[in-house]
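**Student:** Just dropping this structure here.
The values are calculated or read from the model by the stated rules, or taken from the named source; none is laboratory data. Only a predicted model underlies this, so the values are computations on that prediction, with no experimental measurement involved. All Cβ positions, glycine included, derive from the backbone under ideal geometry; neighbour counts span all protein chains shown.
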Amino acid sequence: MIGVNLITFTLFFIVNSPDDMARMHLGMKRVTPEAIEKWKSGHGYDQPLVYNAQSQGMGKLTDTIFYNKSVRLFVFDFGSSDDGRDIGSDIRERMWPSLAIALPMFMIGLLVYVSFAMLLVFFRGTYLDLSGVILCVVLMSISGLFYIILGQFMISKLFHLLPISGYQPGTMAWRFVLLPVLIGIFMGLGSSSRLYRTFFLEEINKDYVRTARAKGLPETLILFRHVLKNAMIPILTGVVAVLPMLFMGSLILESFFGIPGLGSYTIEAISGQDFAIVRAMVFLGSVLYIIGLILTDISYTLVDPRVRLS
Amino acid sequence: MIKPVFLWTDSLLMFLVVTIVAFIFYVRSKEHLHEPWREIFKSRIALASMLILLIYILVALLDSMHFRQALPETEGQLETQYSGDVLSVLDVLMTPLREQVEITYSAPFAAHAHSRETRTGEDGSQTRIYPRLKFGGVHLTDPQTERSGDVLQRLFIVVVKTVLGIIGLYALLAILLARRWQTDLKQAAIRLLSRKQSVSWKTLLLMMALVMFVIIFIADIGRHYHILGTDKVGQDVLYQAIKSIRTGLIIGTLTTLIMLPFAVTLGLMAGYYRGWVDDVIQYLYTTLNSIPGVLLIAAAILMLQVYMANHPDMFETMAERADMRLLFLCVILGVTTWTGLCRLLRGESLKLKELEYVQAADAFGVSGLRILTRHLLPNLTHLILIAVVLDFSGLVLAEAVLSYVGVGVDPTMLSWGNMINRARLEMAREPMVWWSLLAAFIFMFTLVLSANLFSDAVRDAFDPRMRHR
């Protein structure tokens, strides 16, 4: 955590001095030193980087950019963005649309991938399985951008079923959420299902499955009772990587569909070169990653009682 | 007079190719390393995708030999001036495609522009017509009736040429193989097509036919028509898509080339030395891992932009500037992707360390460095190879997404990501402009699909767990 903060700090302030940032914001050419100084003091970048020799006592460490801009992130005080808005309240406001997309996408997606993989495993060794695997490889070879562009075009423009983009809070939100969620699920179908299929196949060759078969259990029961439970562990491990993205919102989907979530917030910040927001988002992302790691460890104990939290 | 230009990515790509060739020779000299490769050659899908990958690499290589042409000399000039345009060998080969620039959009195989234009007639009356293109289908007098016939006729010629070419290739292959198998020509020609071969020559020939068809098609018909239309400023879309191959391949290969040394040394060291070395390395990669990749890349690219804006004198040409950005993108992508491989290698070397042969080496007093390089590394190469091939397709796809976010390659550089990005706006036009998207889709899909299929074959051949199934 401290490491992340140090890295972002170095990236943002030492590689790139506040002078440069001020120049960026005020336009490239014909910038007077006075204007730079003014911008810097207006945004609180006019202090020394790490050590302030002019202040008294504790002020030597606290009156610095490092303290004001980086250490404060630990208490989730994000400060204000480079054009003066409060990042903390922005994030709180934009969190909900992001969640509205990410949560259903994650839940339904996991369900769809697992059931598709199960279907393939159930028909393993047949042409259905083979064509399913080929379909997966083809699906995962297409860039996600194509799905988005084509999906938007087909459903919204040709058939006018759903709005192309935008968002409105409240009960009508589902109309705006449905299409991104569908496309989001479709984007991951190829790679995830193929991965889960290998997990299932690995389990299905083990001894306990053979025992279950020898007992005369029907194939469906074996799959759902025995194989699914044991294959959940590797699946859960892979899911962690997705968790922070859940909250951060899918960068691409949100900006394509014009949803005012955290993902599009970040993209706006990137294209608007608002370093304060990017810094805050990097920090937030790493916090969520760590929370995700802890959650996975907890979920292991739920799936597999042999694993004990130590 | 020409002046060769060595861009950073060019040199690195050349270095990579030399390494691969050296690796091939090394494998050829060691019998025990042959087995997995034989398996790959046996698989027909792997063979076909390998051929396509080779074609892509060849195009990228041709596109990586850059030079600047000298400007015509003027009076009293002391030294030769070179033009600011950096060309590549591929540009020269595709001169007709490159130079046949229309005014604006035109559809594939069109003879007329895509949008109407107001023309003033001789008597001063104004009509709105679709103007004829400057290059696309100029040899036709009445495009409406003649065009399809003309295209079919040319297509027929292309097919004939391909068939002739493939027969020639077949004969050549038969002669070569006859010498190798020490049989006569007729027998070799029959045996070549039979199914039980170590290399499926039939698949190879079929794929070669396909590739030849595409190349002859582009070379023949591309001279007279814009096969995939033109874009907003009238440039041939096919040319753009072919030029984008280099960008995509560089992102896919150089990134792994850059991150490989770090991932391998750090992963091995963490696994072998344990103790504080392990702690430091583990801390390093958990930290890096916890930062969302896109954000890290975005931050780094923003920094680079500021830096380049402050030091404009460092770059002689636009191409060098764009190239620097591409290289930097590779580096930063490498920073975000090395952690996975590093963790994998750490775990694996932890396991290997406990094996008897490493313990024996330790007992004999072999130094740590030597154990790492002689005993651990060779037993991990298959993992490295699999990881490299698997990463490739993901990186090519990532480029497109990053370019969309605005932190990918330089906007002036031709890349599939930039093409898709522009195509989004074009799709909203009325009538719709769909061919840029289609072109980017076809080229990207072929590359990523063959990379995926090839990596599957490589994994199946090298993964010891798979081999016994």
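**Student:** Can you list residue pairs whose Cβ atoms sit under 7 Å apart, with the first residue in the range B:181-194 being part of a loop (DSSP other than H, G, I, E, B) and the second being surrounded by 13 or more Cβ atoms within 10 Å (Cβ to Cβ) and among the aliphatic types (A, V, I, L, M)? Count only pairs 6 or more apart in sequence or on different chains.
**Tutor:** Within 7 Å, the pairs are B:184/B:178.
**Student:** With (1) within 14 Å of chain A (Cβ to nearest Cβ); (2) surrounded by 15 or more Cβ atoms within 10 Å (Cβ to Cβ) as the list, and residue B:323 as the residue in question, which single condition is left unmet?
**Tutor:** Of everything listed in (1) within 14 Å of chain A (Cβ to nearest Cβ); (2) surrounded by 15 or more Cβ atoms within 10 Å (Cβ to Cβ), residue B:323 misses just condition (1).
**Student:** Separate question: Can you confirm whether residue B:223 is basic (Lys, Arg), at pLDDT 85 or above and more than 25 Å from residue A:268 (Cα to Cα)?
**Tutor:** no
**Student:** Continuing with this model, one more query. What number of residues within the range B:171-188 are surrounded by 14 or more Cβ atoms within 10 Å (Cβ to Cβ) and among the aliphatic types (A, V, I, L, M)?
**Tutor:** 5
**Student:** For residues that are touching a helix residue (DSSP H, G or I) at 6+ places or on another chain (Cβ under 9 Å) and more than 11 Å from every other protein chain (Cβ to nearest Cβ), scanning just the range A:130-146, find the one that is surrounded by the fewest Cβ atoms within 10 Å (Cβ to Cβ).
**Tutor:** A:135
**Student:** Farther than 20 Å from residue A:239 by Cβ, part of a helix (DSSP H, G or I) and at pLDDT below 85: which single residue out of A:164, A:149 fits that description?
**Tutor:** Residue meeting the stated conditions: A:149.
**Student:** Turning to a different aspect of this structure: Can you list residue pairs whose Cβ atoms sit under 7 Å apart, with the first residue in the range B:24-46 being loosely packed, with under 15 Cβ neighbours inside 10 Å and the second being part of a loop (DSSP other than H, G, I, E, B) and of a type in the set (Gly, Ala, Ser)? Count only pairs 6 or more apart in sequence or on different chains.
**Tutor:** Close Cβ pairs (under 7 Å, with a partner that is part of a loop (DSSP other than H, G, I, E, B) and of a type in the set (Gly, Ala, Ser)) amount to B:38/B:198.
**Student:** Looking at B:358, B:277, which one is surrounded by fewer than 21 Cβ atoms within 10 Å (Cβ to Cβ), under 30 Å from residue A:291 (Cα atoms), more than 11 Å from chain A (Cβ to nearest Cβ) and among the β-branched types (Val, Ile, Thr)?
**Tutor:** B:277
**Student:** From the list B:284, B:288, B:210, B:295, which one is within 14 Å of chain A (Cβ to nearest Cβ), surrounded by fewer than 19 Cβ atoms within 10 Å (Cβ to Cβ) and free of Cβ contacts under 8 Å to residues at least 60 places away in the same chain?
**Tutor:** B:284
**Student:** Those residues that are part of a helix (DSSP H, G or I) and basic (Lys, Arg), I need them from the range B:23-63; list them, please.
**Tutor:** Within the range B:23-63, B:28, B:38, B:42, B:44 qualify.
**Student:** Does residue B:444 satisfy the condition of being among the aliphatic types (A, V, I, L, M), modelled with pLDDT of 80 or more, buried (at least 18 other Cβ atoms within 10 Å of the Cβ) and more than 24 Å from residue A:134 (Cα to Cα)?
**Tutor:** No, not satisfied.
Conditions (1) more than 30 Å from residue B:427 (Cβ to Cβ); (2) in a strand (DSSP E or B); (3) touching a residue at least 12 places away in the same chain (Cβ under 8 Å), marked per residue:
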site	(1), (2), (3)
B:96	no, no, yes
B:103	no, no, yes
B:110	no, no, yes
B:123	yes, no, no
B:145	yes, no, no
B:161	yes, no, yes
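Residues are listed down the side, and each one gets a yes or a no for (1) within 11 Å of chain A (Cβ to nearest Cβ); (2) in contact (Cβ under 8 Å) with a residue 40 or more places away in the chain; (3) under 30 Å from residue A:194 (Cβ atoms); (4) of a type in the set (D, E, K, R):
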| position | (1), (2), (3), (4) |
| --- | --- |
| B:417 | yes, no, yes, no |
| B:420 | yes, no, yes, no |
| B:423 | yes, no, yes, no |
| B:439 | no, yes, yes, no |
| B:447 | yes, yes, yes, no |
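**Student:** Condition first: farther than 12 Å from residue B:113 by Cα and hydroxyl-bearing (Ser, Thr, Tyr). Now tell me which residues in the range B:126-147 satisfy that.
**Tutor:** Those that are farther than 12 Å from residue B:113 by Cα and hydroxyl-bearing (Ser, Thr, Tyr): B:127, B:141, B:145.
**Student:** Please state which one of A:113, A:127 is surrounded by fewer than 18 Cβ atoms within 10 Å (Cβ to Cβ), modelled with pLDDT of 85 or more and either more than 14 Å from chain B (Cβ to nearest Cβ) or closer than 18 Å to residue A:191 by Cα (or both).
**Tutor:** A:127 is the lone residue from the list that is surrounded by fewer than 18 Cβ atoms within 10 Å (Cβ to Cβ), modelled with pLDDT of 85 or more and either more than 14 Å from chain B (Cβ to nearest Cβ) or closer than 18 Å to residue A:191 by Cα (or both).
**Student:** Of (1) surrounded by 23 or more Cβ atoms within 10 Å (Cβ to Cβ); (2) not in a helix (DSSP H, G or I), residue B:396 satisfies all except one. Which?
**Tutor:** Of everything listed in (1) surrounded by 23 or more Cβ atoms within 10 Å (Cβ to Cβ); (2) not in a helix (DSSP H, G or I), residue B:396 misses just condition (2).
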